[in-house]
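To keep things clear, I will list the structure first and then write my remarks on it.
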Amino acid sequence: MKIPDPLDSPVPDEVDAELVDALQINSRASWATVARVLDSSALTLSRRYQKLVESGLAWSTIALSPQSSLGAFIEVRCSPSQELAVARRLAERPDVITVGVTTGDFQVYCIILAPDTASIAHTLLHDLPLEEGVLRVRTNVFGSMFGGVVWRQGIISSRQTGVMKLVRDPLRTGIPHLSLDDRPLFLALGKDGRRSYEDLSAELGVSAYAIRRRISLLLRSGEITFRCDVARPLFGFPTSSLLLLDVPDAQVQTFGKIVGAWPETRFCAAVASASNVILIVGTRSLNHLEQLFIRLAADFPSVRINDRRLVLRPVKLYGRLVEEAGRAEGVIPVDPWYSQRN
């Protein structure tokens, strides 16, 4: 990926925002479909998107669906002035999908994905680069997520949204399961979720038809999804917050289904910890964040917020290394099977 120069990078306009919103609904839609929805030309939109990608303002990638996302949420307490160094070390690992620096006693968090609990245990006990500059580590294991893998700005109309929604491919032969055999395809699409079947075929040595069929089956089964993300501060979402919640056990599933679908939710998962739900939200302002707290208290009066932290600096967002303004400056494709590499 070309590293963007902030002085040369464009500021996204209204058309860019609509284009990204459309791709957040269906990241692999053809340019002809996007052009029909946005009443523009396919060539113009393709060029616009390419400019956004080259400037680090937007990008598309494959992702595990919430129900397929098994992993751990790690909190790290750091020595003074070591937060960014620790965060950047963690961000270099392909199975660490997201990293951020926050306020509070635990200044760094990261999210790890793995194929099974044994892999999570091995990573947590033996494999994380957490020696230098680390005072304490707190781990929270989750077996799935409620939401946040895919989010959108919500700009285009409901009619346009309906056109953009994924058209189910008629190809079908049984119910597939994502496995280690899918790793090369997953990593290839981690670099760019809009890569053509022909491009993937040339890299992987598999026919374009077989690749199209496999992606279609995995989408149909709900094992994977595709997401389009952006330099969030430049698209109007400068504020992010991490919440540790105590939700009554009988309400966890209901809470997760409702809050996981909130447009502000970027991560929501039940964990085996004192705070049994972890929630990350993205908002347009601190006032918007306060309104979210009020909504949370009104809708779920029995839920207690044990800790709340502002994200001061995102370092990695689902495989993308990001700079201070949120622009992508590199990619480390997400690899849930990384602990099984040897």
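The values are calculated or read from the model by the stated rules, or taken from the named source; none is laboratory data. Note that this is a predicted model, so its numbers are computed, not measured. Positions of Cβ are generated from backbone atoms using ideal geometry, with glycine treated the same way; all protein chains shown enter the neighbour counts. Accessible surface areas use protein heavy atoms only, side chains included; no ligands, DNA or RNA. Shrake-Rupley method; radii C 1.70, N 1.55, O 1.52, S 1.80 Å.
Overview of values
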{"quantity": "Residues of segment 167-189 satisfying the condition of being at pLDDT 95 or above and of a type in the set (A, V, I, L, M, F, W, C)", "calculated": "L185, F186, L187, A188, L189"}
{"quantity": "Selection within segment 19-39 - open to solvent by 30 Å² or more (accessible area, probe 1.4 Å) and of a type in the set (D, E, K, R)", "calculated": "R28, R36, D39"}
{"quantity": "All strands (runs of 3 or more DSSP E) inside segment 50-136 with 3 or more residues being in contact (Cβ under 8 Å) with a residue 40 or more places away in the chain, under 20 Å from I278 (Cα atoms) and out of contact with any Lys or Arg (no Cβ under 7 Å at 6 or more places or on another chain)", "calculated": "71-78, 108-113"}
{"quantity": "Which listed residue, of A261, A325, is at pLDDT below 95, over 19 Å from R138 (Cβ atoms) and open to solvent by 20 Å² or more (accessible area, probe 1.4 Å)", "calculated": "A325"}
{"quantity": "Cβ pairs under 7 Å, 6+ apart, first in segment 274-297 and small (G, A, S), second in a helix (DSSP H, G or I)", "calculated": "G282/R232"}
{"quantity": "Qualifying residue in segment 304-317 (condition: open to solvent by less than 70 Å² (accessible area, probe 1.4 Å) and assigned to a loop (DSSP other than H, G, I, E, B))", "calculated": "no"}
{"quantity": "Any chance L242 is buried (at least 21 other Cβ atoms within 10 Å of the Cβ) and either touching a residue at least 24 places away in the same chain (Cβ under 8 Å) or not aromatic (F, W, Y) (or both)", "calculated": "yes"}
{"quantity": "Sole residue being among the hydroxyl-bearing types (S, T, Y), over 28 Å from N26 (Cβ atoms) and modelled with pLDDT of 95 or more, chosen from S285, S273", "calculated": "S285"}
{"quantity": "Selection count where residues are assigned to a loop (DSSP other than H, G, I, E, B), loosely packed, with under 13 Cβ neighbours inside 10 Å and of a type in the set (S, T, N, Q), scope segment 264-295", "calculated": "1"}
{"quantity": "Whichever residue in segment 48-77 is open to solvent by less than 10 Å² (accessible area, probe 1.4 Å) and over 25 Å from S119 (Cα atoms) and, among such residues, is farthest from the chain's Cα centre (by Cα)", "calculated": "L52"}
